[in-house]
Amino acid sequence: MMLPLANTRNTIRGNTRRGREIYYSIAMKLPLLFGLFTIIAIGLLFSCNSKTKEKSANEIFASVLNDKRVNSKEVGEREGIKYFQIMQNNKTGFRDLNGKIVIEPKFDYAEMFSEGFSNVQNENKWGLIDTTGKYVLQTQYEYLGPVHNGLASFRANDKYGFIDIKGQEKIKPQFDWVDHFSEGLCVVRNDHGKLGSGKSGYIDTTRKLVIDFQFQYACKFEKGQAKIELNNLWGAIDKNGKMVVEPTHKNAIDW
């Protein structure tokens with residue numbers, strides 16, 4: 001499935017303010033990098049063809065993000081996207097598939113809607129809005145991730161846990177890194193104070209450790225399977241942790 005450019009940008013953008021996530025995202029979310037390369041290539045095309053003064057990276061991205069040929073109605077309908085982000089004066093809002101602004105650009109960052117909510121940032125604090133732009137959770141968190149399976153990751157004292165859309169803590173902050181829930185399970189990781197030294201495993205929405213910490217890296221579940229790395233080789237497991245593709249692949253994107 002092709003990832004919209006806005007979604008790719010926000011994934012990278014969210015990771016840049018969390019050093020650990022940059023490290024893990026390179027290994028576990030390599031497909032997203034291809035989307036980033038596309039953004040860069042298109043951005044360079046825009047900048048090279050421009051006869052005006054040199055644009056900043058943010059300005060280049062805004063010109064790409066706001067281009068309806070990129071985040072088009074066709075893409076939105078195909079991917080089931082209701083709203084695309086739009087940037088004006090370094091602020092982010094949302095437009096519908098016909099280009100009409102439905103939420104005024106007023107956020108420093110705003111990620112793609114997931115399950116009817118967008119995690120947004122203003123003045124280095126994160127909150128949650130609904131599709132009308134109304135705050136469901138005020139900007140009060142060090143970091144707040146997108147909603148998946150009714151839960152959003154949040155950071156407190158450099159540890160990650162999960163809350164529901166009412167702001168009630170469901171899983172206390174205890175992990176060094178978390179992905180988002182997919183098909184009822186979520187990749188979590190603890191490095192015990194040394195970046196890259198730990199292992200990844202999977203928890204369910206009650207915090208139960210379903211698949212033990214044993215993988216160098218692990219990806220979210222899709223269609224009942226998840227790609228994992230063992231001994232520097234990639235394979236895949238099912239939801240019981242049983243190996244369904246032996247770890248013989250050098251990376252996670254060539255199969």
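Here are the numbers for the structure shown:
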| item | result |
| --- | --- |
| Conditions (1) within 18 Å of the chain's Cα centre (by Cα); (2) acidic (Asp, Glu); (3) at pLDDT 95 or above; number of the one not met by residue 104 | (1) |
| In the range 174-183, residue nearest to the chain's Cα centre (by Cα) [restricted to those that are part of a strand (DSSP E or B) and surrounded by 18 or more Cβ atoms within 10 Å (Cβ to Cβ)] | 178 |
| Residue among 193, 201 that alone is touching a strand residue (DSSP E or B) at 6+ places or on another chain (Cβ under 7 Å) and either part of a strand (DSSP E or B) or more than 18 Å from residue 238 (Cβ to Cβ) (or both) | 201 |
| Conditions (1) touching a strand residue (DSSP E or B) at 6+ places or on another chain (Cβ under 6 Å); (2) modelled with pLDDT under 95; (3) not hydroxyl-bearing (Ser, Thr, Tyr); number of the one not met by residue 89 | (1) |
| Odd one out for residue 126 among (1) buried (at least 22 other Cβ atoms within 10 Å of the Cβ); (2) touching a Pro at 6+ places or on another chain (Cβ under 9 Å) | (2) |
| Qualifying residue in the range 187-199 (condition: in the same structural domain as residue 214 (by TED's automatic domain parsing), of a type in the set (Lys, Arg), in contact (Cβ under 8 Å) with a residue 24 or more places away in the chain and crowded, with 16+ Cβ neighbours inside 10 Å) | yes |
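Conditions tested, residue by residue: (1) assigned by TED's automatic domain parsing to the domain that holds residue 209; (2) more than 15 Å from the chain's Cα centre (by Cα); (3) farther than 30 Å from residue 189 by Cβ; (4) modelled with pLDDT under 95.
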residue	(1), (2), (3), (4)
54	no, yes, yes, yes
58	no, yes, yes, yes
75	no, yes, yes, yes
94	no, yes, yes, no
116	no, yes, no, no
120	no, no, no, no
139	no, yes, no, no
155	no, no, no, no
158	no, yes, no, yes
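The values are calculated or read from the model by the stated rules, or taken from the named source; none is laboratory data. The model shown is predicted, which means the values in this text are computed figures rather than measured ones. Don't worry about glycine lacking a Cβ; one is built from the backbone with ideal geometry, like all the others, and counts go over all protein chains shown.
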